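The values are calculated or read from the model by the stated rules, or taken from the named source; none is laboratory data. Computed from a predicted model, the values in this text were never measured in an experiment. Heads up, the Cβs are rebuilt from the backbone with ideal geometry, glycines too, and the neighbour counts pull from every protein chain shown. Heavy atoms of the whole protein, side chains included, go into the accessibility calculation; ligands, DNA and RNA do not. Shrake-Rupley method; radii C 1.70, N 1.55, O 1.52, S 1.80 Å.
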Amino acid sequence: MVRTAESVAAIIKAYDVRGVVGEQIDEDFVRDVGASFARLVRDEAGAATTVVIGHDMRASSPSLSAAFADGVVAQGLDVVHIGLASTDELYFASGLLNCPGAMFTASHNPAKYNGIKLCRAGAKPVGQDTGLGVISAEVVSGVPEFDGPAGLVSSQDVLEEYASYLRGLVDLSEMREMKVAVDAGNGMGGHTAPAVFGPMPLDVAPLYFELDGTFPNHEANPLDPANIVDLQAYVLETGADLGLAFDGDADRCFVVDEKGEPVSPSAVTALVAKRELAKEPGASIIHNLITSAAVPELVTELGGVPIRTRVGHSFIKQEMADTGAIFGGEHSAHYYFREFWGADSGMLAALHVLAALGEQDRPLSELMAEYTRYSASGEINSTVADAADRTAAVIAAFTDRTESVDRLDGVTVNLSGKAWFNLRASNTEPLLRLNVEALTQADVDALVDEILAIVRN
């Protein structure tokens, strides 16, 4: 494959590496990415000597991760393979071993994709401005060879240590016996959930636990409501107390209540925030600007300090490092924990939900009602030719109802009557993303209709 700055930029993105296997990504490409990454972490202050590598269940993952390892050892660094893993298990290994890491996964993308999530020691993120830009340039120009001995390759299974570590971060002592339906979507949740939940007083009803990177049942993207329909039905069929759905690399977790109704990730963020603030009163809690207004309201009421950020894991992880925040949550069901090296773990968030439900007798629908104060639209995408022009038109149309406008990430317009909307242009596609929140669903629907009529013209 011919490499140009443009073609490489389409693969090495702002936060990770991702592309179509055989067309954009092959073994030669990732071997060079591995070599460049090794040079990056080897030559920094506190130089790394080892890189830990994990991979998901996609057919291309073992060979691509092996090629990446070849690139690393050629630069004189050792490699520790942990084999099949979830992304948060790789973050755990990076923290446990205190070394940089690489996770081979394309998360929720279709089967033809694969990619790499990179981190420094202690699961610290690597983004465009913190290393990916350097790697992109070297992959295009050619990675310099290393004049020294090659590193060594070894293997280490950390699954049980990972599971035990997560359980140790949550007080599970008061948990009653419960039944939980778990949809792994043929992704890595089928690998990690049995290890984590096995010693707990849970009757696990498994759905699609078979590891299969072709995703034969549904896409491993629970953010799309179509992909949790099976879990919703399964909760009702099995009489489960709740349902959990994981994405392909199992770093995100979505929750369904005993009625088969989805629980908003914002409500989960508020619940976990309350539990973490009980452990550390007055602590800071991070939420992105798409998260429900109920989250900062609750945090403030509990004496915590809410911190509002842009959307995206690199911004939240950096803000956690800068502020010492104890927890952070996103509307996309990414949940970040200071006790987990500031990294995200859907499984750890699931343990908090299970503990909160299991230490009292109410059903989950009643428990979560106290964290659900508003109605929301979810993210709605529109294909537009000029996102800036359409955004300006919307702002103009709402001038007489606007209380404030901010541009932290896209444009957030706060309206009278405790309603707001955000419009954000995609960085990679001609899309304008709309999120709306208001007191009632009728208010949300009316705002969505009015805004989309302008956006889609």
Label-point separation, residue 385 to residue 137 (7 Å along Cα→Cβ), nm: 3.8
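With the contact rule set at Cα under 8 Å and sequence spacing of 6 or more, what percent relative contact order holds for the range 358-448? Write out the running numbers ahead of the final one.
Values: 126 pairs, mean separation 29.6, N = 91.
For the range 358-448, the relative contact order is 33 percent.
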Within the range 122-198, list the GluC sites (Glu not before Pro) lying in a DSSP loop whose Cβ has at most 11 other Cβ atoms in a 10 Å radius. 145, 174, 177
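Treating only the Cβ of Lys, Arg, Asp and Glu as charged (+1, +1, -1, -1), what charge dipole size does the range 307-400 show about its Cα centre? Round to the nearest 20 debye. Spell out each step's value before the answer.
Values: 7 positive and 13 negative charges, 23 e Å.
Value, rounded to 20: 120 debye.
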Added length on full extension, which subtracts the Cα-Cα distance from 0.36 nm per residue, residue 173 to residue 7: 54.5 nm
Loop chymotrypsin sites (Phe, Trp or Tyr not before Pro), the range 61-99, which have at most 12 other Cβ atoms in a 10 Å radius of their Cβ (DSSP): none
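Quick one: of the DSSP bridges fully inside the range 1-121, what percent are antiparallel, nearest 5?
On the way: 9 of 20 bridges.
Here the antiparallel bridges make up roughly 45 percent for the range 1-121.
Residue 63 to residue 27: extension gain in nm, 0.36 nm per residue of separation minus the Cα-Cα distance?
On the way: separation 36, 0.36 × 36 = 12.96 nm, distance 0.72 nm.
Stretched fully, the residue 63-residue 27 segment lengthens by 12.2 nm.
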Carbon + sulfur, % of accessible area of the chain - ligands and nucleic acids excluded, 1.4 Å: 51
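How high is the FRET efficiency from residue 399 to residue 431, r the C-beta distance, R0 30 Å, rounded to 0.05? Show your work: numbers first, answer last.
Working: r = 25 Å, r/R0 = 0.83.
That gives a FRET efficiency of 0.75.
Under a point-charge model restricted to the Cβ atoms of Lys and Arg (+1) and Asp and Glu (-1), what is the dipole moment magnitude of the chain relative to its Cα centre, in debye to the nearest 20? Please report the intermediate quantities before stating the final value.
On the way: 32 positive and 65 negative charges, 152 e Å.
With Lys and Arg at +1 and Asp and Glu at -1, about 740 debye.
Just the accessible area per residue of the range 403-457, please: how many Å² with a 1.4 Å probe? Provide the component values of the computation, followed by the final result.
Details: 2720 Å² over 55 residues.
On a per-residue basis, the range 403-457 sits at 49 Å².
Defining a contact as two alpha carbons under 8 Å apart and six or more residues distant in sequence, what relative contact order in percent does the chain show?
This gives 12 percent for the chain.
What do you get for Rg/Rh over the range 241-328 if you use C-alpha atoms and the Kirkwood form of Rh? Intermediate values should be presented prior to the final figure.
Values: Rg = 13.5 Å, Rh = 13.7 Å.
When Rh is taken as the Kirkwood radius, the ratio is 0.99.
Please compute the per residue accessible area over the range 266-355 with all protein chains in place, 1.4 Å probe, rounded to a whole number of Å². Show your work: numbers first, answer last.
Details: 2480 Å² over 90 residues.
Spelled out: the 1.4 Å probe surface of the range 266-355, per residue, equals 28 Å².
So for the range 234-393, averaging the separation of alpha carbon pairs under 8 Å that are six or more residues apart and normalising by length, what relative contact order in percent results? Mind showing how you got there, number by number?
Details: 263 pairs, mean separation 38.3, N = 160.
Here the relative contact order equals 24 percent.
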For the modelled label position 7 Å from the Cα of residue 300 along Cα-to-Cβ, which residues of the range 417-451 have backbone nitrogen atoms closer than 13 Å? 418
For the range 255-267, in residue order, the Karplus 3J(HN,Hα) values (coefficients 6.51, -1.76, 1.60; θ = phi - 60°; whole Hz; Gly and Pro = x) are 10, 10, 7, 5, 8, x, 8, x, 9, 4, x, 5, 5
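Within 12 Å, Cβ to Cβ, of residue 432, how many net charges do the neighbouring residues add up to if Lys/Arg are +1 and Asp/Glu are -1? All intermediate terms of the calculation are to be shown ahead of the outcome.
Working: positive: 390, 424, 433, 456; negative: 379, 386, 389, 429.
That works out to 0.
Which percent, to the nearest 5, of DSSP beta bridges fully inside the chain are antiparallel?
Working: 42 of 74 bridges.
Bridges in the chain that DSSP calls antiparallel: roughly 55 percent.
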Per-pair calculated FRET efficiency, R0 = 30 Å: residue 275 and residue 98 via Cβ, rounded to 0.05: 0.60
Under the Karplus curve 6.51 cos²θ - 1.76 cosθ + 1.60, θ = phi - 60°, whole-Hz ³J(HN,Hα) for the range 156-167, x wherever Gly or Pro sits: 8, 8, 10, 4, 5, 5, 4, 4, 5, 4, 4, 4
Just flag the GluC sites (Glu not before Pro) in the range 202-298 sitting in loop per DSSP whose Cβ has no more than 12 other Cβ atoms within 10 Å. 210
Listed by chain and number, the residues whose amide H is under 5 Å from that of residue 76, excluding neighbours fewer than 5 places away on the same chain and using placed H, are 151
Charges only on Cβ, +1 for Lys and Arg, -1 for Asp and Glu: so what's the dipole of the range 322-457 about the Cα centre, in debye to the nearest 20? 160
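Show me the three semi-axes of the equivalent ellipsoid for the range 185-342, from the C-alpha gyration tensor (sqrt of 5 times each eigenvalue), largest first, rounded to whole Å. Could the numbers behind the result be given before it?
Values: eigenvalues 167, 54, 45 Å².
With the √(5λ) rule applied to the range 185-342, the semi-axes are 29, 16, 15 Å.
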Virtual paramagnetic centre 7 Å along Cα→Cβ of residue 47, amide N under 17 Å, in the range 131-171: 144-152
Accessible surface, per residue, of the range 60-184 when the full set of protein chains is kept, probe 1.4 Å, Å²: 38
If you project the alpha carbons of the chain onto the principal axes, what extent comes out on each, in Å, largest first? 66, 55, 44
